[in-house]
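Participant: Here it is: the structure, laid out below.
The values are calculated or read from the model by the stated rules, or taken from the named source; none is laboratory data. The structure presented is a predicted model; accordingly, all values stated were derived computationally and were not measured. Backbone-built Cβ (ideal geometry, glycine too); neighbour counts: all protein chains shown.
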Amino acid sequence: MKKGKENGAQGALKRISGPVVTAVGLDAHMYDVVKVGNEELMGEVIKIQGENTIIQVYEDTAGIRPGEPVENTGLSLAVELGPGLLTSIYDGIQRPLEVLVDKMGNFIERGVSAPGLSHEKKWEFVPTMKAGDDVKAGDILGTVQETNIVHKVMVPPRSKGGKIKKISGGSFTVDETICVLEDGTEIAMLQRWPVRVPRPVREKLNPDIPLITGQRILDGLFPIAKGGTAAIPGPFGSGKTVTQQQLAKWSDAEIVVYIGCGERGNEMTEVLTEFPELEDPKTGRPLMERTVLIANTSNMPVAAREASVYTGITIAEYFRDMGYDVSLMADSTSRWAEAMREISSRLEEMPGEEGYPAYLAARLSEFYERAGRVVNLNETSGSVSVIGAVSPPGGDFSEPVTQNTLRIVKVFWALDAKLSQRRHFPAINWLNSYSLYLDALNEWYDREVSPEWNPLRSWAMGVLQKEAELQEIVQLVGSDALPDEEQVTIEVARMIREIFLQQNAYDAVDTFCPMSKQYDMMKAIKHYADLARTAQVGGATPQQVVGIKSKNELVQIKFTKDYEPALDKIRKDMEAEFDAMRAA
Amino acid sequence: MKEYRTIAQIAGPLVFVEKTEPVGYSELVNIVTADGTIKRGQVLDTSDEIVVVQVFETTAGIGRDSGIRFTGETIKMPVGKDMLGRILSGGGKPIDGGPEIVPEKRLETTGAAINPYARAPPADFIQTGISTIDGTNTLVRGQKLPIFSASGLPHNDVALQIARQAKVPGSTEEFAVVFAAMGITREEANYFMADFEKTGALERAVVFLNLADDPAVERIITPRLALTTAEYLAFDLGYHVLVILTDMTNYCEALRQIGAAREEVPGRRGYPGYMYTDLASIYERAGIIKGVKGSVTQIPILTMPGDDITHPIPDLTGYITEGQIVVNRELHRKGIYAPINVLPSLSRLMNLGIGKGHTREDHKKVSDQLYAAYAEGNDLRGLVAIVGKDALSDRDRMFLEFADLFEDRFVRQGLYEDRSIEETLDLGWDLLATLPEEQLVRIDRELIQKYHPKYRKQAQG
Ligand SMILES: Nc1ncnc2c1ncn2[C@@H]1O[C@H](COP(=O)(O)OP(=O)(O)OP(=O)(O)O)[C@@H](O)[C@H]1O
Ligand SMILES: [Mg+2]
């Protein structure tokens, strides 16, 4: 494919303006990857205008001069896909950060390239197909034990397929041929795929299985489906990153792709140090073994930040093609949008709302559209769930990135500075948030949790809504003025908030709450509410009902691992206290 | 070196030069005026037709007759061991009457990003002696934790108290201070210098002064010179460096000025759309590197225009830094020092630096409980204003009183009062003990029985 250095593949720089440079005399197509300047910095063609080719450069352009050469590789920006992705940490253009430390030390300098995968490492390939079998694009030829995850080696999606002439097991690098088709096509484990193009699937399915996250407010009140999309907008410090990291840690996806897009370096380091230590609750293996990290921090080149989101989703799609459930976190899509804005303004494009390019909405929807639960080309089914953080300026959700995102995604977890300031975490506002998957997931909860779960959920939401109405009255007249019954509603709502909704990501036990425990906790709160109601009908005062001591123990259940005996005891104690009250 | 006299246009801090040989992007430029003064600038945009130079000093005196020299290299900062104790201008020139810096190295001022793979997670607790920081918004080594303040508030006192008292308990490692002033008044600068001198901190400090009457555009490089120095002290010489940058609001104003001169499409409130990225290239220069001895801890100070935390300057800062310490006018009016409002304050790295082996096992939970109780009491103040105290339930009244007590005892402390972390946490427990035990829902039973004053007294008595 490489055009080499014949005429037109090489041009010269004419202008350098930050990350955007202009070349003349270059034959290029949109999104071709080019090498810029004497140091051969990596760039991508983003505009062609007359004889000018406009290029965004993925590395710092300081010192580059007009007249330096530009060379077109003729390839588009692509990632390397194959064994070796898992446990890696990449920058926005899939350079492994670990390799970069070896090559250039502790700081990221420029002009160093490094392939996304090791081309030396040998992997043990075990064929699952044999000579004579017919294969088509996407079909699984065999497997490699990559970590505890089995990597499925597939026929590339654009291959014509055919009959297998030869396939051999053994130790191979990603470049070596593992399979030859009758027509002479050689297949290696390595696939390259252009990041801006979605990988093909056979069919999209309706998401009807929840992505269980172990976070009570998410699983319990606003669940996301496997293959679904969610946005988590909130002002700074409200909990976007912690929530995304919680999902990366505890959600029951088989593969996690975590993109730190224009955010903090230390946050990526935290993931890097924590994940190898934490165990996947399902497999008991280190979480890192199922994780791919993309880190293009806020001070790394802005064009590579723009690319990082595509790099991430392409890797996610690749694992989906193997039949895995993948979840992808992008923190933060606002920084991605800002990168688009910065490039667009350097191109002197006509700005849309708040300076963002007019194509912002289109780019966002194209990105989220790459999520989904699908039937793959090879008939396996897999999913990519996408959870995007949004960082609205001033915490104001009416800005373009939040608004355009909300028009696409199906789940909205609205972070609220008021809640985070009082350390109610996760600071997700239960009145503004929603999940459009609820109806589709009801059946799963009926079947897998309990037929009682859905009514219990509706009850809890009802109490919380009622509380909000009552709070308005309280603000005017004080809580003592409420009718007796409502005073107890306020207490029950407080219990739902403090016991069920609040969840401490830093408590060893509370950080992950299995669905069964969520159900038990909510049921216990409801049990108190029912006992209270009965007692009130029998003439008990709100003070008496609220004064039940044993219910205060419920909150400790969160921090208790084997909680069942304790919960049983609380239930009995509550009943006994209410009995005693009636007797008195 | 070739000198051009081909200035085509001068607009604000920008000089447009034509008919040059190829000039590198970001290159350092010397501009020689008719009277022989040399002014420094940097290439913002370069092409075979026109080169745009941003001048770091006033453009007064620059004209068609000025000579332009392109140096062929990007801006470098000479650094050396003898920098400690020195006072430099905002452009990095000695202004204390002492000799030139003997450079051991000349470093790129833009500062490459630390490879996230090379970073070590910051986890060393820094005791500042201020309860609202140590107890509820803990600072750790390698963190960037700004002070959000507003005009007329004692943010300088807070910053100085931190600089005076900051220590890592149990550590005797060397530390240094890099202080960068951007557009502050001579009087404010003197206030800092006097305190540094009094406490002997000046000997292990490097001071960069760009004062209110110094060129605004110079402010663009001041923090970068300061951080380049800090990185050298930390990662080459092994110091633990505390960097104080004040006032970042003036820095952002200078950024806006350049954006306007370039006729860029402005972002929110006229600040450039790339301000987030630009600020990140400053704030992200903090941290710890695996296997390297020193560290860079940053305390930028900014004044929020109109006390508005949603203003683009605090907003974008908060999105980059690892929390913020918010100085509050209401507490200040009540006569409480240090007037830090803990509710909007945050330290994101706190969890790494506290707890068993760092501070004390009950730290996190005590902090959470103090927050929750104070927040609840504080909310009730609004309610009391409308319905009066009598309409409150007993529970509400307790929290209301707690909020007052919290401000009066936990927040309030002396300018020179240096509380140990144990004192701070015990004080927290004393306050929590005014609430019924079952209200302490954020703390597990075990810790209550170990640290609650009630049980401690029992254990002793
Ligand atoms: N579930 C949680 N449990 C406990 N603490 C939490 C939780 N969520 C958030 N926090 C606290 O809130 C702080 C800020 O959260 P986080 O860093 O996720 O904010 P953010 O929304 O990502 O902010 P930014 O936009 O600036 O990146 C955390 O450092 C932590 O102290
Ligand atoms: Mg975040």
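Participant: State yes or no: is residue A:379 assigned to a helix (DSSP H, G or I) and over 25 Å from residue B:310 (Cα atoms)?
Facilitator: no
Participant: Also, I was wondering about something else. Applying the selection to the range B:392-415, what residues are part of a loop (DSSP other than H, G, I, E, B) and touching a residue at least 12 places away in the same chain (Cβ under 8 Å)?
Facilitator: Selection gives B:392, B:412, B:413, B:414, B:415.
Participant: Another question about this same structure. Name the residue that is nearest to the chain's Cα centre (by Cα), counting only residues in the range A:40-67 that are on the phi > 0 side of the Ramachandran plot and away from every other protein chain (no Cβ under 11 Å).
Facilitator: A:40
Participant: Looking only at helices (runs of 4 or more DSSP H) that fall completely inside the range A:389-495, which ones have 3 or more residues that are within 29 Å of residue A:355 (Cβ to Cβ) and under 23 Å from the mean Cα position of the chain (by Cα)?
Facilitator: Of the helices (runs of 4 or more DSSP H) lying wholly inside the range A:389-495, those with at least 3 residues that are within 29 Å of residue A:355 (Cβ to Cβ) and under 23 Å from the mean Cα position of the chain (by Cα) span A:400-406.
Participant: Still on this model: Look at the range B:97-113 and say how many of its residues are touching a helix residue (DSSP H, G or I) at 6+ places or on another chain (Cβ under 9 Å), more than 10 Å from chain A (Cβ to nearest Cβ) and on the phi > 0 side of the Ramachandran plot.
Facilitator: Residues flagged as touching a helix residue (DSSP H, G or I) at 6+ places or on another chain (Cβ under 9 Å), more than 10 Å from chain A (Cβ to nearest Cβ) and on the phi > 0 side of the Ramachandran plot within the range B:97-113 amount to 0.
Participant: Any residue in the range A:5-22 that is more than 30 Å from residue A:146 (Cα to Cα), more than 14 Å from every other protein chain (Cβ to nearest Cβ) and within 34 Å of the chain's Cα centre (by Cα)?
Facilitator: Scanning the range A:5-22, I find no residue that is more than 30 Å from residue A:146 (Cα to Cα), more than 14 Å from every other protein chain (Cβ to nearest Cβ) and within 34 Å of the chain's Cα centre (by Cα), so the answer is no.
Participant: Counting just the residues of the range B:222-251 that are within 14 Å of chain A (Cβ to nearest Cβ) and farther than 24 Å from residue B:125 by Cα, which one comes out surrounded by the fewest Cβ atoms within 10 Å (Cβ to Cβ)?
Facilitator: Among them, the one singled out is B:224.
Participant: Condition (residue is farther than 18 Å from residue A:95 by Cα, within 16 Å of ligand 1 (Cβ to nearest atom) and away from chain B (no Cβ under 12 Å)) applied to the range A:282-294: is it met by at least one residue?
Facilitator: No, the range A:282-294 contains no residue that is farther than 18 Å from residue A:95 by Cα, within 16 Å of ligand 1 (Cβ to nearest atom) and away from chain B (no Cβ under 12 Å).
Participant: Using the structure shown, decide if residue A:533 is within 12 Å of chain B (Cβ to nearest Cβ) and assigned to a helix (DSSP H, G or I).
Facilitator: no
Participant: Return a yes/no flag: does the range A:413-434 have any residue that is within 12 Å of ligand 1 (Cβ to nearest atom), within 30 Å of residue A:347 (Cα to Cα), within 14 Å of chain B (Cβ to nearest Cβ) and surrounded by 23 or more Cβ atoms within 10 Å (Cβ to Cβ).
Facilitator: No, because not a single residue in the range A:413-434 is within 12 Å of ligand 1 (Cβ to nearest atom), within 30 Å of residue A:347 (Cα to Cα), within 14 Å of chain B (Cβ to nearest Cβ) and surrounded by 23 or more Cβ atoms within 10 Å (Cβ to Cβ).
Participant: If a residue has to be facing another protein chain (nearest Cβ under 7 Å), surrounded by fewer than 20 Cβ atoms within 10 Å (Cβ to Cβ) and in a loop (DSSP other than H, G, I, E, B) to count, how many in the range A:93-110 make the cut?
Facilitator: Selection size over the range A:93-110: 2.
Participant: Among the residues of the range B:279-307, which ones are facing chain A (nearest Cβ under 9 Å) and not aliphatic (A, V, I, L, M)?
Facilitator: Within the range B:279-307, B:281, B:283, B:284, B:285, B:287, B:290, B:291 qualify.
Participant: Determine if the range B:180-201 includes at least one residue that is closer than 16 Å to residue B:299 by Cα and in contact with a Pro (Cβ under 8 Å, 6 or more places away or on another chain).
Facilitator: yes
Participant: Now, a different point. Which of the residues that make up the range A:399-422 are among the aliphatic types (A, V, I, L, M) and under 21 Å from residue A:504 (Cα atoms)?
Facilitator: A:414, A:415, A:417, A:419
Participant: In the set B:106, B:164, B:186, B:119, which member is out of contact with any strand residue (DSSP E or B) (no Cβ under 9 Å at 6 or more places or on another chain) and either of a type in the set (D, E, K, R) or without any contact (Cβ under 8 Å) to a residue 12 or more places away in the chain (or both)?
Facilitator: Testing whether each residue is out of contact with any strand residue (DSSP E or B) (no Cβ under 9 Å at 6 or more places or on another chain) and either of a type in the set (D, E, K, R) or without any contact (Cβ under 8 Å) to a residue 12 or more places away in the chain (or both) leaves just B:164.
Participant: Name the residue, out of A:255, A:217, A:259, that is β-branched (Val, Ile, Thr) and within 13 Å of ligand 1 (Cβ to nearest atom).
Facilitator: The unique qualifying residue is A:217.
Participant: What about residue A:263, is it over 12 Å from the mean Cα position of the chain (by Cα) and more than 14 Å from every other protein chain (Cβ to nearest Cβ)?
Facilitator: No; evaluated as a whole, the condition is false for this residue.
Participant: Grab the helices (runs of 4 or more DSSP H) fully contained in the range B:278-390, keeping just those with 2 or more residues being within 16 Å of ligand 1 (Cβ to nearest atom) and surrounded by 22 or more Cβ atoms within 10 Å (Cβ to Cβ).
Facilitator: Here the list reads B:312-320, B:350-353, B:363-387.
Participant: Does residue A:151 count as away from every other protein chain (no Cβ under 14 Å) and within 25 Å of the chain's Cα centre (by Cα)?
Facilitator: Yes.
Participant: Please find, among A:545, A:509, the residue that is part of a helix (DSSP H, G or I) and among the hydrophobic types (A, V, I, L, M, F, W, C).
Facilitator: A:545
Participant: Something else about it: Which residues, taken from the range A:77-92, are within 22 Å of residue A:333 (Cα to Cα) and either assigned to a loop (DSSP other than H, G, I, E, B) or of a type in the set (Asp, Glu) (or both)?
Facilitator: A:77, A:88, A:91, A:92
Participant: Which of the strands (runs of 3 or more DSSP E) found entirely inside the range A:203-284 contain at least 2 residues meeting this: touching a Phe, Trp or Tyr at 6+ places or on another chain (Cβ under 6 Å) and in contact (Cβ under 8 Å) with a residue 60 or more places away in the chain?
Facilitator: Here the list reads A:229-233, A:255-261.
Participant: Mind telling me which of the residues A:531, A:470, A:501 ends up being touching a Ser or Thr at 6+ places or on another chain (Cβ under 8 Å) and aliphatic (A, V, I, L, M)?
Facilitator: None of the other options fit; the residue is A:470.
Participant: Considering only residues that are more than 15 Å from residue B:63 (Cβ to Cβ), loosely packed, with under 15 Cβ neighbours inside 10 Å and more than 14 Å from chain A (Cβ to nearest Cβ), which ones fall in the range B:13-36?
Facilitator: If the condition is that a residue be more than 15 Å from residue B:63 (Cβ to Cβ), loosely packed, with under 15 Cβ neighbours inside 10 Å and more than 14 Å from chain A (Cβ to nearest Cβ), then no residue fits.
Participant: Please work out if residue A:233 is within 16 Å of ligand 2 (Cβ to nearest atom), of a type outside the set (Gly, Ala, Ser), under 30 Å from residue A:435 (Cβ atoms) and modelled with pLDDT of 95 or more.
Facilitator: Yes: the conditions hold for residue A:233.
Participant: Please determine, by comparing only the residues of the range A:305-317 that are over 15 Å from the mean Cα position of the chain (by Cα) and either within 16 Å of ligand 2 (Cβ to nearest atom) or away from chain B (no Cβ under 13 Å) (or both), which one is surrounded by the fewest Cβ atoms within 10 Å (Cβ to Cβ).
Facilitator: Here the residue is A:307.
Participant: I've got another one for you. Would the range A:391-406 turn up any residue that is away from ligand 1 (no atom under 16 Å from the Cβ), more than 13 Å from chain B (Cβ to nearest Cβ), of a type in the set (Val, Ile, Thr) and out of contact with any Leu (no Cβ under 8 Å at 6 or more places or on another chain)?
Facilitator: No - not one qualifying residue is present in the range A:391-406.
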